[in-house]
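A quick write-up on the structure given underneath.
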Amino acid sequence: MAPPARPSIAEEHPSPELTRTLVAHLRQELRDGQEELRTSYARKGNAAAMLRGRAVLVDNALRQIWRHLSLPKGLCLAAVGGYGRGELFPASDVDVLLLLPDDLDDKHDARIEQTIGLLWDIGLEVGHSVRNIAECVEEAQRDITIQTSLLEARLLEGNRKTFTEFTTRLRDHLDPQAFFEAKQLEQEERYARHNDTAYSLEPNCKESPGGLRDLQIILWIARAAGTGGTWRELARNDVITQAEAVQLERVETFLRHVRIRLHYLAKRREEKLIFDYQEALAQLFGIERSEVKRASELLMQRYYRNAKHITQLNTILLQNLGERIFPGHRAAPIYIDEHFQMDREMLDVRSEDIFETHPPAILKSFLLLQQRSELKGMSARTLRALWRARGCIDAKFRRDPDNRALFLSLFQQKRGIVHELRRMNQYDILGHYLPAFGKVVGQMQHDLFHVYTVDQHILQVVRNLRRFTMPEFAHEYPLCSRLVAGFERHWLLYVAALFHDIAKGRGGDHSQLAIADARKFCKEHGIAAEDTDLVAFLVEHHLTLSAVAQKQDLADPEVIRDFAGLVKNERNLIGLYLLTVADIRGTSPKVWNAWKGKLLEDLYAMTRRLLSGSTPQQALGLAGRQEEARGILRFHGLRPGIEEDLWEQLDTVYFMRHAADEIAWHTRVLYYRPDADEPVVKVRLNQAGEGLQVMVYVPDQPELFARLCGVFARLGYSIADAKIHTTRHGYALDSFALLDPGEHLLYRDVAALLEHDLAEHLVKRPPLGPPVSGRLSRQVRHFPITPEISIRPDEKNQYYVMSLVAADRPGLLYSIALVLARHGVDLHTAKIATLGERVEDTFLISGSELSKTATLVRLEQELLEVLHI
């Protein structure tokens with residue numbers, strides 16, 4: 001189809017019919033052209049050709065529109081941003097600048113609006129701006145993002161003189177030093193938005209550390225400094241080496257392929273490698289699954305390696321550019337020792353081959369950064385030398401006693417432990433020194449609660465432990481800070497953290513497999529036998545404290561006695577508690593909550609009392625808890641003995657399962673109405689942190705637990721903990737800890753509403769509604785969990801313990817409660833353990849059907865049906 005005839009110069013306003021014809025022609029031309037580009041890319045796999053091809057295709061369409069409209073001669077149309085570079089990804093916006101001369105009046109506004117409208121009419125997603133030259137310069141001075149976009153402007157059509165004046169004035173007002181500093185701050189802010197890691201399980205290939213932005217910022221700064229706009233130009237100007245130019249082109253090409261294929265898969269602009277696309281993306285790369293790893297895992301390991309190289313190069317090249325942009329007076333380097341010097345506050349090698357000729361200097365370089373606070377990092381040539389020399393860390397290097405002593409001393413310094421371990425990992429030094437660690441670098445974890453790769457999670461745990469030792473973070477976890485302050489040789493905790501997940505991906509129980517690695521490391525590095533036993537214990541049992549606290553009944557003296565028998569002494573207990581808190585905090589921001597923290601702290605406190613000589617009953621702190629509750633009541637002005645009538649109706653189990661502040665709260669609400677006819681419902685903010693605590697006191701009634709769960713589910717709350725108790729005179733006294741998974745609800749504002757709705761519901765007792773449905777998370781859809789259910793009698797044959805494992809979803813507990821209600825099963829306690837998207841819940845139940853094999857099997861089958869998604 002030939003393009004429509006162009007209007008004559010005299011025809012200032014082309015006819016609507018001619019414009020409609022042109023729009024239809026260009027829409028079809030763009031559709032056909034983009035389909036041809038996609039087909040060609042699928043056949044040839046040439047990313048650069050695809051990006052250039054789409055830019056050229058759009059160039060031609062915009063030029064036809066410009067010529068069709070015969071806009072005033074002083075105007076011009078420019079491509080900016082990525083489009084200005086001549087690169088357009090399949091679903092990227094088309095960023096354009098309609099540039100006006102400073103003296104243009106506003107009589108052409110309608111024509112300009114028509115121009116912008118036509119760009120949308122032909123099917124482009126346009127990011128447009130209309131400015132004169134003075135406004136461009138002014139905006140560029142005010143906004144670094146606009147300045148960066150304009151820096152890449154490319155003339156498409158219109159007045160070349162206007163465009164040349166614009167680029168000249170923009171360049172005249174460009175301050176390379178200010179631009180460099182602004183872009184560095186922008187990068188720091190961008191890194192912070194992505195948690196300072198390239199290793200999240202769903203990284204953003206454009207914005208995350210190690211993404212395309214890390215490469216683009218180098219070229220932006222280089223262009224601003226006048227040192228080149230391509231990798232080859234930077235190599236010619238000695239900003240980078242030829243080898244680095246080749247490496248940069250290679251890592252950039254890989255990311256281009258990732259982003260192009262992601263856009264095609266999503267059929268829209270999608271920059272995040274979400275689970276939905278990872279497997280399909282791996283297939284497009286021709287990656288096939290191995291015996292132990294999915295294709296998506298192999299793709300992501302390749303992505304993480306690529307991201308690591310990019311962040312390395314980004315660090316080195318920004319340093320090089322900074323030295324050129326800020327030449328200043330260069331003072332003579334300050335001598336440190338025969339291998340190192342300080343140059344511009346950076347650790348610098350005195351000889352570029354020092355690491356090859358004297359390999360122990362590799363570890364010494366990191367130790368110096370820890371010991372000398374005046375050093376702000378490593379110079380570019382030191383980082384390059386490190387990267388080249390990483391292969392020098394071989395078996396002989398690892399056997400050297402001096403190197404072993406150097407490595408161990410890195411954990412014992414007063415500062416810089418986490419920074420230097422991360423730097424060692426970044427430059428592959430840590431993985432070469434500890435080959436077992438090298439195997440988990442970039443390894444994904446599909447367990448629905450870790451959000452980082454194994455290596456990054458390990459270093460995050462070390463970081464959390466380190467924060468316990470720092471006074472400025474003592475407010476975060478005061479108990480942990482107090483405990484670590486008295487923990488002799490607390491650096492052993494860092495060693496345990498380094499090994500606790502190091503055996504993941506080998507098959508089998510990673511906690512057991514890692515024990516041998518940890519013991520071997522301790523023996524080779526001269527760690528005393530007593531300390532070796534501690535490290536091995538922590539590695540073996542790093543999941544145990546959490547499992548007991550969240551899945552077992554902490555009101556049972558036998559549970560505390562068994563756990564105390566396992567940990568054996570206070571040093572093991574304290575170390576395990578500290579490692580457990582750091583480990584849970586290092587999995588995902590969503591996994592930790594104040595309620596879990598309270599459970600861990602309660603188990604720690606009770607076990608420590610038992611290890612200190614208390615009896616199991618004393619360890620539970622029953623008498624002390626009651627006395628503390630009385631003290632709280634006196635503080636609130638209630639006279640002594642006011643609690644006795646209510647407490648006579650409560651058995652020992654109640655006092656063992658509730659904290660002193662909960663007992664006092666219940667008593668203040670109920671002491672004057674222990675025989676209330678109407679339901680008593682009270683809601684307060686969780687005293688341990690986020691969320692709500694709900695107390696329900698009502699004459700016991702059938703299906704009560706299911707009824708309450710239904711109300712909570714419909715209101716959008718998840719139940720973090722449930723304590724179900726029946727008084728001696730037949731009242732249900734139930735307590736719940738509620739959380740809002742989406743963090744959308746204002747707890748303080750909804751407390752009164754929740755009290756009213758619950759009380760009304762308990763009075764009217766409407767029929768139980770159907771299970772609540774909701775959207776499943778991407779993680780659950782792509783990494784489903786096979787549900788498990790187990791119902792077994794307890795050791796005293798008094799109750800049954802029901803344990804289940806399943807993928808979490810809205811209303812899950814209500815669905816379970818409905819099944820239990822249908823079978824007449826009574827619930828006494830519920831231990832709710834939600835680990836990200838995985839639930840591992842334990843219930844203490846009773847009922848006549850549980851003792852009969854046929855009805856028990858039917859109950860288990862119905863529960864499995866509910867748990868299946």
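Okay, residues lined up against (1) more than 30 Å from R463 (Cα to Cα); (2) open to solvent by 60 Å² or more (accessible area, probe 1.4 Å); (3) touching a residue at least 24 places away in the same chain (Cβ under 8 Å); (4) touching a His at 6+ places or on another chain (Cβ under 6 Å):
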residue: A605; (1), (2), (3), (4): no, no, no, no
residue: G613; (1), (2), (3), (4): yes, yes, no, no
residue: Q617; (1), (2), (3), (4): yes, yes, yes, no
residue: I663; (1), (2), (3), (4): yes, no, yes, no
residue: V669; (1), (2), (3), (4): yes, no, yes, no
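Output the number of residues of the range 740-765 satisfying the condition of being open to solvent by 10 Å² or more (accessible area, probe 1.4 Å) and modelled with pLDDT of 80 or more. Can you show your working first?
Taking the range 740-765 and keeping what is open to solvent by 10 Å² or more (accessible area, probe 1.4 Å), we get 740-753, 755-757, 759-761, 763-765.
This time we only want the ones that are modelled with pLDDT of 80 or more, so: 751-753, 755-757, 759-761, 763-765.
Matching residues across the range 740-765 total 12.
Suppose we keep only residues that are at pLDDT below 95 and of a type outside the set (D, E, K, R) within the range 485-501. Which one would you say is farthest from A528 (Cα to Cα)?
A485
Of all residues in the range 227-241, which are out of contact with any Lys or Arg (no Cβ under 9 Å at 6 or more places or on another chain) and either open to solvent by less than 60 Å² (accessible area, probe 1.4 Å) or part of a helix (DSSP H, G or I) (or both)?
Listed by number, the residues that qualify are W231, R232, E233, L234, A235, R236, I240.
Can you name the residue in the range 183-209 that is among the aliphatic types (A, V, I, L, M) and buried (at least 18 other Cβ atoms within 10 Å of the Cβ) and is also nearest to the chain's Cα centre (by Cα) among such residues? Steps first, please.
Pass one, the range 183-209, residues among the aliphatic types (A, V, I, L, M): 185, 192, 198, 201.
Now restrict to residues that are buried (at least 18 other Cβ atoms within 10 Å of the Cβ): 198, 201.
Numbers: A198: 10, L201: 8 Å.
Once the filter is applied, the top-ranked residue is L201.
Show the residue pairs that are 6+ apart or on different chains and have beta-carbon atoms under 6 Å apart, the first residue being within the range 769-797 and polar (S, T, N, Q), the second being open to solvent by less than 60 Å² (accessible area, probe 1.4 Å) and at pLDDT below 65.
Q779/L448
Any chance the range 319-329 includes a residue that's under 26 Å from V441 (Cβ atoms) and modelled with pLDDT under 95?
Yes; the residues of the range 319-329 include at least one that is under 26 Å from V441 (Cβ atoms) and modelled with pLDDT under 95.
Please enumerate the residues belonging to the range 115-132 that are open to solvent by 20 Å² or more (accessible area, probe 1.4 Å) and in contact (Cβ under 8 Å) with a residue 24 or more places away in the chain.
D121, G123, E125, G127, H128, S129, V130, R131, N132
When the range 260-303 is examined, which residues are found to be of a type in the set (F, W, Y) and either open to solvent by 10 Å² or more (accessible area, probe 1.4 Å) or in contact with an Asp or Glu (Cβ under 9 Å, 6 or more places away or on another chain) (or both)?
From the range 260-303, those of a type in the set (F, W, Y) are 264, 275, 277, 285, 303; that's our starting set.
Residues satisfying the conditions are Y264, F275, Y277, F285.
State all residues of the range 542-562 that are at pLDDT 95 or above and buried (at least 22 other Cβ atoms within 10 Å of the Cβ); if no residue qualifies, say none.
Scanning the range 542-562 gives H542, L545.
Going through the range 212-226 one residue at a time, which ones are of a type outside the set (D, E, K, R) and in contact with a Lys or Arg (Cβ under 7 Å, 6 or more places away or on another chain)?
Step one: filter the range 212-226 for residues of a type outside the set (D, E, K, R), giving 212, 215-222, 224-226.
Passing the criteria: L212, I217, W220, I221, A225.
Which condition does K308 not pass, out of (1) under 30 Å from L219 (Cβ atoms); (2) open to solvent by 30 Å² or more (accessible area, probe 1.4 Å); (3) in contact (Cβ under 8 Å) with a residue 60 or more places away in the chain, if it passes all the others?
It fails just one condition, (2).
Do we have A224 as among the hydrophobic types (A, V, I, L, M, F, W, C), over 28 Å from L298 (Cα atoms) and either modelled with pLDDT under 95 or part of a loop (DSSP other than H, G, I, E, B) (or both) here?
Details: among the hydrophobic types (A, V, I, L, M, F, W, C): yes; over 28 Å from L298 (Cα atoms): yes; either modelled with pLDDT under 95 or part of a loop (DSSP other than H, G, I, E, B) (or both): yes.
Answer is yes for this residue.
What pairs come up if the first residue lies in the range 86-105 and is closer than 24 Å to L51 by Cβ, the second is basic (K, R) and part of a loop (DSSP other than H, G, I, E, B), and their beta carbons are under 7 Å apart, counting only those six or more places apart or on different chains?
That search, which allows pairs on different chains as well, returns A91/R268; A91/R269; S92/R269.
Being open to solvent by less than 20 Å² (accessible area, probe 1.4 Å), in a loop (DSSP other than H, G, I, E, B) and in contact with a Lys or Arg (Cβ under 8 Å, 6 or more places away or on another chain) is the filter here; which residues of the range 824-848 pass it?
A833
Scan the range 354-392 for residues that are under 23 Å from A405 (Cα atoms), open to solvent by 50 Å² or more (accessible area, probe 1.4 Å) and outside any helix (DSSP H, G or I) and report the count.
Total meeting the criteria: 3.
This table checks each residue for (1) at pLDDT 95 or above; (2) assigned to a loop (DSSP other than H, G, I, E, B).
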| position | (1), (2) |
| --- | --- |
| A10 | no, yes |
| H13 | no, yes |
| E17 | no, no |
| T21 | no, no |
| G33 | yes, no |
| L37 | yes, no |
| L51 | yes, no |
| V56 | yes, no |
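Right, A720: in contact (Cβ under 8 Å) with a residue 24 or more places away in the chain, outside any loop (DSSP other than H, G, I, E, B) and more than 39 Å from the chain's Cα centre (by Cα) or not?
Values: in contact (Cβ under 8 Å) with a residue 24 or more places away in the chain: yes; outside any loop (DSSP other than H, G, I, E, B): yes; more than 39 Å from the chain's Cα centre (by Cα): no.
No.
Only one of Q413, Q443, Q371, Q426 is within 20 Å of Q460 (Cα to Cα), among the polar types (S, T, N, Q) and out of contact with any helix residue (DSSP H, G or I) (no Cβ under 6 Å at 6 or more places or on another chain). Can you tell me which?
Values: Q413 fails: out of contact with any helix residue (DSSP H, G or I) (no Cβ under 6 Å at 6 or more places or on another chain); Q443 fails: out of contact with any helix residue (DSSP H, G or I) (no Cβ under 6 Å at 6 or more places or on another chain); Q371 fails: within 20 Å of Q460 (Cα to Cα).
When all the criteria are applied, what remains is Q426.
Working only within the range 398-435, note down all residues that are over 28 Å from the mean Cα position of the chain (by Cα), open to solvent by less than 10 Å² (accessible area, probe 1.4 Å) and not polar (S, T, N, Q).
Selection gives F407 alone.
Any idea which residue in the range 66-80 is least open to solvent (accessible area, probe 1.4 Å), counting only those that are part of a helix (DSSP H, G or I) and under 24 Å from E165 (Cα atoms)?
Checked the range 66-80; the qualifying residue least open to solvent (accessible area, probe 1.4 Å) is L69.
Across the range 787-812, what is the number of residues that are outside any loop (DSSP other than H, G, I, E, B), within 35 Å of the chain's Cα centre (by Cα) and closer than 17 Å to E865 by Cβ? Spell out the reasoning first.
Taking the range 787-812 and keeping what is outside any loop (DSSP other than H, G, I, E, B), we get 788-793, 800-807, 812.
With the extra rule that they be within 35 Å of the chain's Cα centre (by Cα), the set shrinks to 788-790, 801-807, 812.
The next check asks that each one be closer than 17 Å to E865 by Cβ; those that pass are 788-790, 802, 804-807, 812.
Total satisfying the criteria: 9.
Can you run down the residue pairs with Cβ atoms below 7 Å, 6 or more apart or on separate chains, where the first is in the range 561-590 and closer than 21 Å to A474 by Cβ and the partner is of a type in the set (V, I, T) and part of a loop (DSSP other than H, G, I, E, B)?
Listed pairs, sorted by first residue: I584/V591.
Which residue, of F487, F499, is surrounded by fewer than 20 Cβ atoms within 10 Å (Cβ to Cβ) and aromatic (F, W, Y)? Working first, answer last.
Working: F499 fails: surrounded by fewer than 20 Cβ atoms within 10 Å (Cβ to Cβ).
Answer to the selection: F487.
The values are calculated or read from the model by the stated rules, or taken from the named source; none is laboratory data. Everything quoted here is computed from the prediction, not taken from an experiment. FYI the Cβ positions are ideal-geometry reconstructions off the backbone, even for glycines, and counts take in every protein chain you see. Ligands, DNA and RNA are stripped out before the accessible areas are found, and what is left, the full protein with its side chains, is counted by its heavy atoms. Shrake-Rupley method; radii C 1.70, N 1.55, O 1.52, S 1.80 Å.
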